[in-house]
Amino acid sequence: MDSDQTPLINPSLFEECAQNHFAAADSRSRRPFHIEPSYITSINDDEPQRITSEASAMNKRIHYYSKLSYPSGGGLIAPDHVLPAPEEIYVYSPLGTALKIDGSDGSEKNSSIVTIFMIWNTMMGTSILSIPWGIKQAGFTTGVCVLFLMGILTLYCCYRVVKSRGTIPLTDTSTWEFPDVCQYYFGSFGRWSSLLFSMVSLIGAMIVYWVLMSNFLFNTGKFIYNYVNDVNITDDVLSNNGTDKVICPNPDSTGPLNKSMDTYYGNGTNLEHFETWWSKTNTVPFYLIVLLLPLLGFRSPSFFAKFNILGTVSIIYLVSLVTLKAAHLGFHLQFSWNQVQKFFVPEFRVSFPQLTGILTLAFFIHNCIITLLKNNRNQKNNVRDLSIAYLLVGLTYVYVGVVVFASFPSPPLSKQCIEQNFLDNFPSSDILAFVARIFLLFQMMTVYPLLGYLVRVQLLGHIFGDIYPSIFHVLALNIAVVGVGVIMARFYPNIGGIIRFSGAACGLAFVFVYPSLIHMISLHRRGQLRIHSILIHVSIIVLGISNLIAQFFM
């Protein structure tokens, strides 16, 4: 039976003939036979698309109809106004192979290099600031190994997401996203659960942004105040004595301090007023409300999307900052697997799941990867380009994490002093760190409204069927989202903890469970499910569940 499906026409010859057919100068000589995409089937994107029996019968009827007129006559030729758009034209071989002809010049499609860096830029986020802290929590050697393993695991699960649409037969899935695939396989539960976990990832990211923006705004304001008023500062915390000062703001606890740790020399009254009204947790998170709440009410995020390049600039500057600091500080490493030392952490620590939670969010792009790959010029390169993008992201994380951890001056400081935001290990008077905070603050203030827009589209769109039902609905949603961010910045400003919990929660569904279940179900329906596939994908699901549970005990 397989031999009956083998086309007698060489695919390359078929494509060449079709292209020549549509390149004809006379538009009336190229009257394509057009069928709706829902009549096109393809189990695997790599295989030739085929048309259904209904479409084949329709094809025969139209060809028979065209023979009722003389070739020179034009009475039975389809007029111009009924022709489909160029991007919807399909040519069919006699044996049912469907070839899509793109009448455009392809200018709207992205090359592979653009697609790769688009994925890299989208995936790179605030998690990079917590990677050194995560490596410290896992131990240096264990942390590097976990980083590579999580990168490979999340890449495979992302590959399964990309291939998920091709597992649905007899349905046009060209406009589907991964939540639509989840709804197809799991019904309303798949729809609403995917919405829930998508909200967890988006709102979690907005909370992290609010905490970081409060941090960056506080340190920026303190730097400017000290510079304008010529205030001399003596750090009241542990620090190294080099020209590139590194501080340990919280030597006795893993959580950040809620107060400034500097001793000022100058006008004491003015400084007291400044410290009262410019506090990292007591006042600055509330000041951001005035700046950001009005921006969340915009109907379109197009203005803020223009600043997307700032993300790339920020990451490049962070990498440059880390490289320069490491060149001045040097490397400070000492390997020990089972001994607790004063200045170094063991190579393996039982708290390593904290790093896996962070990395789940750091490598998380599964809910939008289909959208990013749709505009790739050569769809056959999707898997290759996705793999290269993941490799670049993984190398960036490894470089920043390893260099920051290795260059942290031990002694005199302990590696335990590495903060959840490694920029907190640089004093507010550090000019290079000040520039990094400025870059990140401005970039986050442009991305935050975009995240709020996505929350509005997904939540209000699902509930009311309209992304802007009324100004009161939008305002209530924005106040709730901002309120959560302010509360977390006020009482729990630990970005490492927020990232690992939100990452493990959203990753449970989009990274581990749904891609594995959908793959096994599709194989079962085709009669191709084997025991080794069951063991592999059930193990992935178990790892995802264990990752989430472990976050509550670390």
Subject >> Unique residue being touching a helix residue (DSSP H, G or I) at 6+ places or on another chain (Cβ under 9 Å), basic (Lys, Arg) and modelled with pLDDT under 80 when the list is Lys306, Lys280 >> reply: Lys306
Subject >> Members of segment 479-535 found to be under 19 Å from Leu548 (Cβ atoms) and touching a Lys or Arg at 6+ places or on another chain (Cβ under 8 Å), listed by number >> reply: Pro515, Ser516
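Could you list all residues from segment 395-412 that are surrounded by fewer than 21 Cβ atoms within 10 Å (Cβ to Cβ) and in contact (Cβ under 8 Å) with a residue 40 or more places away in the chain?
If the condition is that a residue be surrounded by fewer than 21 Cβ atoms within 10 Å (Cβ to Cβ) and in contact (Cβ under 8 Å) with a residue 40 or more places away in the chain, then Thr396, Val398, Tyr399, Val403, Ala406, Pro411, Pro412 are the ones that fit.
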**OP:** Return the total of residues in segment 309-367 being of a type in the set (D, E, K, R) and over 30 Å from Ile541 (Cα atoms).
**Re:** 2
**OP:** Just give me the residues in segment 166-195 being touching an Asp or Glu at 6+ places or on another chain (Cβ under 8 Å) and in contact (Cβ under 8 Å) with a residue 12 or more places away in the chain, in sequence order.
**Re:** Gly166, Asp172
**OP:** Could you check Gln443 against (1) part of a helix (DSSP H, G or I); (2) open to solvent by 50 Å² or more (accessible area, probe 1.4 Å) and say which number it fails?
**Re:** (2)
Original post:
How about segment 173-189: which of its residues are outside any helix (DSSP H, G or I) and among the hydroxyl-bearing types (Ser, Thr, Tyr)?
Top reply: Thr173, Ser174, Thr175
Subject >> Flag for Phe335 being open to solvent by 50 Å² or more (accessible area, probe 1.4 Å) and at pLDDT 85 or above >> reply: no
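Say whether the condition of being free of Cβ contacts under 8 Å to residues at least 12 places away in the same chain, open to solvent by 30 Å² or more (accessible area, probe 1.4 Å) and outside any helix (DSSP H, G or I) is met by at least one residue in segment 218-232.
Filtering segment 218-232 down to residues free of Cβ contacts under 8 Å to residues at least 12 places away in the same chain leaves 224, 227-228.
Applying the additional criterion that residues be open to solvent by 30 Å² or more (accessible area, probe 1.4 Å) yields 224, 227-228.
The next check asks that each one be outside any helix (DSSP H, G or I); those that pass are none.
Looking through segment 218-232, none of the residues is free of Cβ contacts under 8 Å to residues at least 12 places away in the same chain, open to solvent by 30 Å² or more (accessible area, probe 1.4 Å) and outside any helix (DSSP H, G or I).
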Original post:
Do we find that Val231 is in contact with a helix residue (DSSP H, G or I) (Cβ under 9 Å, 6 or more places away or on another chain) and at pLDDT 85 or above in this structure?
Top reply: no
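Select from segment 278-289 the residues that are in a helix (DSSP H, G or I), hydrophobic (A, V, I, L, M, F, W, C) and crowded, with 17+ Cβ neighbours inside 10 Å and list them in ascending order.
Val284, Leu288
Looking at segment 269-290, which of its residues are touching a Ser or Thr at 6+ places or on another chain (Cβ under 7 Å) and farther than 14 Å from Thr220 by Cα? Talk me through it step by step, then tell me what you get.
Kept after step one, since they are touching a Ser or Thr at 6+ places or on another chain (Cβ under 7 Å), are these residues of segment 269-290: 275, 277, 280, 284-285, 288.
Answer for segment 269-290, where residues must be touching a Ser or Thr at 6+ places or on another chain (Cβ under 7 Å) and farther than 14 Å from Thr220 by Cα: just Trp277.
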Original post:
What helices (runs of 4 or more DSSP H) lie completely within segment 455-554 and have 3 or more residues being among the hydrophobic types (A, V, I, L, M, F, W, C) and open to solvent by 60 Å² or more (accessible area, probe 1.4 Å)?
Top reply: 471-491, 531-551
**OP:** Quickly run through segment 114-144 and pick out the residues that are surrounded by fewer than 19 Cβ atoms within 10 Å (Cβ to Cβ) and in contact with a Ser or Thr (Cβ under 7 Å, 6 or more places away or on another chain).
**Re:** Asn121
Original post:
With respect to Leu147, is the statement that it is within 21 Å of the chain's Cα centre (by Cα), aliphatic (A, V, I, L, M), crowded, with 22+ Cβ neighbours inside 10 Å and in a helix (DSSP H, G or I) true?
Top reply: yes
**OP:** Select from segment 347-392 the residues that are surrounded by fewer than 18 Cβ atoms within 10 Å (Cβ to Cβ), assigned to a helix (DSSP H, G or I) and either touching a Lys or Arg at 6+ places or on another chain (Cβ under 8 Å) or of a type in the set (Lys, Arg) (or both) and list them in ascending order.
**Re:** Lys374, Lys380, Arg384
Subject >> Given (1) at pLDDT below 90; (2) open to solvent by 30 Å² or more (accessible area, probe 1.4 Å), number of the condition Phe344 does not satisfy >> reply: (2)
**OP:** Can you work out which of the residues in segment 250-277 that are modelled with pLDDT under 70, surrounded by 15 or more Cβ atoms within 10 Å (Cβ to Cβ) and of a type in the set (S, T, N, Q) is farthest from the chain's Cα centre (by Cα)?
**Re:** Ser260
**OP:** Pairs only if they're at least six apart or on different chains, beta carbon under 9 angstrom, first in segment 518-547 and at negative phi and in contact (Cβ under 8 Å) with a residue 60 or more places away in the chain, second surrounded by fewer than 16 Cβ atoms within 10 Å (Cβ to Cβ) and among the β-branched types (Val, Ile, Thr); list them, first residue then second.
**Re:** Ser522/Ile43; Arg526/Ile43
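The values are calculated or read from the model by the stated rules, or taken from the named source; none is laboratory data. Worth saying up front: this structure is predicted, and the values here are computed from it rather than measured. No Cβ is skipped: glycine too gets one built from the backbone with ideal geometry, and neighbour counts run over all protein chains shown. Just so you know, the surface numbers come from the protein's heavy atoms only, side chains and all, with ligands and any DNA or RNA stripped out. Shrake-Rupley method; radii C 1.70, N 1.55, O 1.52, S 1.80 Å.
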